[in-house]
Amino acid sequence: MDKEEMVQLVTKEIMRQLQQMPAATHGQSSQSQQKALVIFTGGTIGFEQGLAEIKKLQDLCIGVTVVLTASAEQILGIQRITEVLGSHIHIVTAHSPYPGNILREADIVIVPVLTQNTAAKLAYTLSDTMVSTLILQGLMMGKPIVAAFNAADPMDSWRAQYKMGEAAPGLVQALQGNLKKLKGYGIQLIPVHTIAGVSQQLLKPKEQVAVNIPANKKMVLDATAIQTAAQNGSKSITVPKGTIITPLAKDIARDCGMEIVQE
């Protein structure tokens, strides 16, 4: 058996064992990549920090689809999104068809900037925009919804910087009451700088993959096996001592934050 045939044989064995792993959270196929649906409203408070948090998730090989409201497209701009997340990123705008299939496939819905306007609509269960409809339907599907509350909280320090923290008690109570309702609906309201960390906890990465190869065979770990494990949500892969690891496999493992453990 030549080297190429051996690589194909070992890759086939790795693929077979990965396919036997339990299905992913929310009933996804074990072969599917974890996906985040990220909704940007037109708010600017915390936008840059929220965008940086989404980039952290993207760097962990989590698939990201971005939804932009009409105001977000105008105020924030598609160009800024692609500068940080890449020109390849899938972006849904107000002119796009309703992304129902994308919502169904998403493992998590993230709102990096929850505006007071969006919070008010959600608090009164108004489905009169694409964003409010997506979030309410996501809740009804039982999907985790994470939203940064900074822009919606009338007493947040961001607003104090712009001298917008002087509202009458009645208005403060009403705006904070909206946020309290959203918590009751199941939306996790968090500070913008914790988006990546909280989302990772909710996505619950899988346990490490152990690959068993007969002792009389020399194993070769190639890029295909690493990509499959990463898309399956694994954060490490265990191989027998002496395994040959291709340079491309090492590069992809590093980019995806995956550890290769040799027994």
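The values are calculated or read from the model by the stated rules, or taken from the named source; none is laboratory data. The structure presented is a predicted model; accordingly, all values stated were derived computationally and were not measured. Ideal geometry is used to build each Cβ from the backbone, glycine not excepted, and the neighbour counts take in all protein chains shown.
Restricting to segment 64-83, name every residue that is among the acidic types (Asp, Glu) and out of contact with any Ser or Thr (no Cβ under 6 Å at 6 or more places or on another chain). The one that is among the acidic types (Asp, Glu) and out of contact with any Ser or Thr (no Cβ under 6 Å at 6 or more places or on another chain): GLU83. One residue alone among LEU103, LEU76, LEU68 is hydrophobic (A, V, I, L, M, F, W, C), touching a Leu at 6+ places or on another chain (Cβ under 8 Å), in contact (Cβ under 8 Å) with a residue 60 or more places away in the chain and surrounded by 16 or more Cβ atoms within 10 Å (Cβ to Cβ), and that residue is LEU103. Go through the residues of segment 88-100 one by one and say whether even a single one is in the same structural domain as THR41 (by TED's automatic domain parsing) and touching a residue at least 60 places away in the same chain (Cβ under 8 Å). Yes, the conditions are met somewhere in segment 88-100. Among residues of segment 223-251 being at negative phi, within 19 Å of the chain's Cα centre (by Cα) and not in a strand (DSSP E or B), the one that is surrounded by the most Cβ atoms within 10 Å (Cβ to Cβ) is ALA229.
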